[in-house]
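Report on the following structure.
The values are calculated or read from the model by the stated rules, or taken from the named source; none is laboratory data. All figures in this text were calculated on a predicted structure; none of them were measured in a lab. Cβ coordinates were reconstructed from backbone atoms using ideal geometry, including for glycine residues, and neighbour counts include every protein chain displayed. Each accessible area value is taken on the protein alone, full model and side chains, heavy atoms only, with ligands, DNA and RNA left out. Shrake-Rupley method; radii C 1.70, N 1.55, O 1.52, S 1.80 Å.
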Amino acid sequence: MESHATARRNDRMRADAQRNAEKLRAAAAELFQERGLKVPLKEIARRAGVSHGTLYNLYGTREALIDEVVTDLAAGRLDEVAEHALSFGDAWDGFAYYIEKVCELQATDPAVADVVSGRYPRAELLMAVCGRAQAASTRIIERAQRAGSLRPDFTSEDLLLVFGSSALLARAAAGAAPGAWRRGVAFLLDGLRTEAVRGPLPVAPLTTQQMYDVLGGLTVNP
């Protein structure tokens with residue numbers, strides 16, 4: 001049976017660990033939003049005011065820390081955008097809104113781009129968010145295709161490549177031309193309308209695994 005002194009010491013240790021975990025969650029959320037999910041863990045620990053070892057003792061891996069904060073960072077916003085897109089009376093308008101809003105989220109919050117890309121497959125909660133977003137994307141795409149306004153050969157994997165390339169452009173151009181990604185999205189939407197189809201595409205659509213492999217290779221220095 002532990003003594004009162006030992007019990008008090010253990011309570012202090014648990015309280016210290018909880019405070020440090022809260023500091024790390026707050027610091028991670030800030031830095032992920034500023035620079036994306038690749039930000040060095042040492043910088044997260046430094047901003048939280050704890051040691052690098054404390055971070056590893058509490059979370060162990062980058063993926064565990066990502067999962068601790070990713071829902072608050074992105075899931076609610078992505079769900080809200082998808083729900084609103086599906087509420088449009090015009091399926092094309094909902095599709096266009098979805099692309100524009102997700103690209104805007106990525107441009108203003110690098111963490112969202114990393115969540116959408118599924119770049120950290122060992123982060124289970126992140127991948128659940130990514131999977132839910134992809135399922136919503138499929139519904140939005142199929143709805144526009146059934147309405148006859150979106151070209152029939154466009155896939156959810158194609159859409160994720162659109163998001164990946166737009167995020168890359170937005171991050172690279174943030175200093176010199178922060179709105180450049182909007183031009184790319186506008187040109188893209190014009191080309192995706194059914195009346196824009198001029199013939200079959202030159203290559204087959206990507207598989208889901210190919211798509212994630214490609215997105216994993218799209219990087220910009222943080």
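If we keep just the residues of segment 193-215 that are within 23 Å of V116 (Cα to Cα) and in contact (Cβ under 8 Å) with a residue 60 or more places away in the chain, which is most open to solvent (accessible area, probe 1.4 Å)?
Across segment 193-215, the extreme among qualifying residues is Y212.
Residue by residue through segment 145-181, note down the ones that are in contact with a Ser or Thr (Cβ under 9 Å, 6 or more places away or on another chain), in contact (Cβ under 8 Å) with a residue 12 or more places away in the chain and part of a helix (DSSP H, G or I).
Correct list: S156, E157, L159, L160, F163, G164, A167, L168, A170, W181.
In the list R25, R14, R46, which residue meets the criterion of being surrounded by fewer than 20 Cβ atoms within 10 Å (Cβ to Cβ) and at pLDDT below 90?
Selected residue: R14, the only one of R25, R14, R46 that is surrounded by fewer than 20 Cβ atoms within 10 Å (Cβ to Cβ) and at pLDDT below 90.
Test each condition in (1) modelled with pLDDT under 90; (2) closer than 22 Å to I66 by Cβ for A135 and report the one that comes out false.
(1)
Quick grid of which residues meet (1) at pLDDT 90 or above; (2) within 13 Å of the chain's Cα centre (by Cα); (3) open to solvent by less than 20 Å² (accessible area, probe 1.4 Å):
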residue	(1), (2), (3)
T108	no, yes, no
V116	no, yes, yes
P121	no, yes, no
E142	yes, no, no
G164	no, yes, yes
A170	no, no, yes
G175	no, no, no
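Going through L41, L37, L86 one at a time, which residue ends up being in contact with an Asp or Glu (Cβ under 7 Å, 6 or more places away or on another chain) and either closer than 13 Å to L125 by Cβ or not polar (S, T, N, Q) (or both)?
Every option except L37 fails the conditions.
Which members of segment 114-165 meet the condition of being of a type in the set (G, A, S) and more than 28 Å from G89 (Cα to Cα)?
S117, G118, A123, A128, S165
Per-residue answers, yes or no, for (1) touching a Lys or Arg at 6+ places or on another chain (Cβ under 9 Å); (2) closer than 24 Å to G184 by Cα:
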| residue | (1), (2) |
| --- | --- |
| A75 | yes, no |
| Y98 | no, yes |
| R132 | no, no |
| R139 | no, yes |
